[in-house]
Amino acid sequence: MTQAEKELECGGKEKEKERDKEKEQQRGVKRPITPAVIPEPIHEQIQTNFVIVINPGSRSVRIGRATDTLPVTVPHVIARRHKQSGQPRYEDPWLLRDGLNQKPESNEQRQNGLKMVDQAIWSKKMSNGVRRTPVSSEQARAYNCQIRPAVLDSSSRVKWTSTGHHPAYLVGDEALCVNPSDCYNIHWPIVRGQFNIHSGPGGSMTAVLADLEAIWSQIIQKHLEIPLKDLKYYRCILLVPTIYNRQHIKEVVNMLLLNMGFSAIIVHQESVCATFGSGLSSACVVDVGDQKTSICCVEDGVSHRNSRLCLAYGGSDVTRTFFWLLQRAGFPYRDCQLSKRLDCQLLQHLKEIFCHLNQDISGLQDHEFQTRFPEAPALLYQIRLGDEKLQAPMGLFYPTTFGIVGQKMTLLQHRYQGDAEDPHDEHYLLSTQSKQDQSSKSASDRRAGARPVGLDGEMSSQCGFGETSELPRGCGGGVGSGGVMQGEMELGPSQGESLMGAGETEESLSGHLSRKTAIMSQFESKALGLDKAILHSIDCCASDETKRKMYSSILIVGGGLMFHGAQEFLLHRIINKMPPSFRRLVDNVEVITRPKDMDPRLIMWKGGAVLACLDTTQEMWIHQREWQRFGVRMLRERAAFVW
């Protein structure tokens, strides 16, 4: 053996001894299990005509290719044929909801709300400086009770949907026009932005997902003319609510990738896509939908989690209130009922053509409308209305007018409880953090902690445990801060632990969370008016500069506030109620209802189409094979918002 070979052999033995020594030192030291590495997303040229954007809502779903000028808009409803003869018929309510006439305090609350509305109407002068003349509903009632309809045609030429071929299900307008005597159940799979899960027929998670798959598949095949077998060549962009249910999103992504067969998917929030669609870099996005109103401050494509809140009312509540006011004024169509689908459609139409927020329109005015129902003549009605047309939409600012009792009216993003399929989530990281790391972190926090800790675990001089405001304030940073926090009212682990000794951590944290939950419950029971909710959302932004941006750009999307005069009305209320300190800082408060003259109902979908064209989108795609391997972890790694 040569000298060189001997030296090489000795060097190899020394290295081996060093490795053995390191192993002995590491023996007994517990380390967290390292999860499998997710490969970097594949960057490839994406053809946007092979990207389908889906924007599901409570009353309508909008679906189209990213290259389409306009999406297909279809009522988000399905009629399913009974599996057995003699099966009792079931229908999800449309305008009716829990917490109304079943309780005596509902009508009392509605009357009190109407008094506040009337006071607000009469206290504001018209643009010419003259005060409005109060109009009593009795004046309109005396005229309307004498009205009898005129027959326009002996046949309305409107027919029930043909079910002679016994289809298993019908979707959209066909489902709405199914004869009540036919053997079909009617289901609305989404209610107030969430899955319509209930104890009745079709109310399970599995049934709701099956309804969504059937509705979306039919639209893609019938309106976009794409065979389902070809979806393996297409990608999907799914828009989700600002305040979302993670379990529901996981199930829908699973359905789109594995059941329907899309090759890849992006999940993004509606509020952020609204800014993309309107061409704004920053805005306070106010989405007034049919059944819920979401508010969120978005800055440079990031949704500030502390500013998010969802109000459990929308356009359908205005429609129901308008019907109540019409009845009070002697509505001449006396057979109208909220339990009938076609009557609900008529009331929605009457609200859209009659209601307004223009205080210059005063006094009694005469109107007319037609009714066209299957198996009935076409009728023409005359009707005289006064302030009812203004009172109903003002319910959005005085929600007690809706008469809803015993329900949560303001919803917040609650803390993520984890997922069994994602063992390496934030809870895992927290549980594997050593006590030494915790104590060192606590010491550093105490040294840096010159200001009190807010309820969401962030440092702020504006709020803390001694905050006396009746509304909980986020008062913290944006999505990028806060570590494991997932909602407005959450307690960060490190900051929460710095407030207590090592031995009392569990008990004190539990007590604090109980106090936090109590405050949240009290807040969620409040029915905030739209203007107050906007001010609260902006006030929860981190800095005065961000707040100034939001006041300068309040973007209204959705179809629930499409009333004449709504822009000026909301602007007036915001300016009058905003903090005096910001009146000097904000150069111009602006409410935007039709950016680029676009239909506000289509802005979010349009933003999803814009998203498909952005270069940064490449890193957000979740591919089918990745989802099969890593599951919900992909949403944590690739979602464009804090998952």
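The values are calculated or read from the model by the stated rules, or taken from the named source; none is laboratory data. If you're wondering where the values come from, they're calculated on a predicted model, not measured in any experiment. Note that each Cβ is placed from the backbone with ideal geometry, even for glycine, and that neighbours are counted across all protein chains shown. For accessibility, only protein heavy atoms count, side chains too; no ligands or nucleic acids. Shrake-Rupley method; radii C 1.70, N 1.55, O 1.52, S 1.80 Å.
Please compute the per residue accessible area over the range 192-251 with all protein chains in place, 1.4 Å probe, rounded to a whole number of Å².
41 Å²
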So, counting K/R as plus one and D/E as minus one, what does the shell of residues with Cβ under 9 Å around His187 add up to?
-2
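Determine, from the Cβ-Cβ distance of Lys124 and Asp597 and an R0 of 35 Å, the FRET efficiency 1/(1 + (r/R0)^6), rounded to the nearest 0.05. Before the final figure, lay out the partial values.
On the way: r = 29 Å, r/R0 = 0.82.
For Lys124 and Asp597, the calculated efficiency is 0.75.
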What does the charge add up to near Gly529, with Lys and Arg as +1, Asp and Glu as -1, over the other residues with Cβ less than 11 Å from its Cβ?
+3
Long-range HN-HN contacts of Leu152 with modeled amide H, under 5 Å
Ala378, Leu379, Leu380
Measure off 7 Å from each Cα along the Cα-to-Cβ vector at Thr163 and Ser217, then give the distance between these two points in nanometres to one decimal.
2.1 nm
Given a 1.4 Å probe and heavy atoms of the protein chains only, how would you sort Ser316, Ser162, Ser199, largest accessible area at the top?
Ser199, Ser162, Ser316
Taking r as the C-beta separation of Ile361 and His82 and R0 as 51 Å, the FRET efficiency to the nearest 0.05 is 0.60
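Cβ under 15 Å from Ser155's Cβ, Ser155 left aside: what net charge do those residues give with Lys, Arg +1 and Asp, Glu -1?
Summing Lys and Arg as +1 and Asp and Glu as -1 gives +1.
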Between the range 257-322 and the range 130-190, what's the alpha-carbon centroid distance in Å?
30 Å
Given points 7 Å out from each Cα along the Cα-Cβ axis, report the Ser543 to Val151 separation in nanometres with one decimal.
7.2 nm
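Would the range 268-312 count as rounded, prolate or oblate if I go by the C-alpha gyration tensor, calling it rounded below 1.5 in a/c and otherwise prolate when a/b exceeds b/c, oblate otherwise?
Cα axes put the range 268-312 in the oblate bin.
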What does the C-alpha gyration tensor say about the overall shape of the range 219-334? Classify as rounded when a/c is under 1.5, otherwise prolate if a/b is larger than b/c, or oblate.
oblate
Quick note, the range 169-222: a/c under 1.5 would make it rounded; otherwise a/b > b/c is prolate and the rest oblate (a ≥ b ≥ c, C-alpha gyration tensor); here it is oblate
So, in nm, how far is label Arg141 from label Leu280 when the simple model puts each one 7 Å beyond its Cα toward the Cβ?
4.2 nm
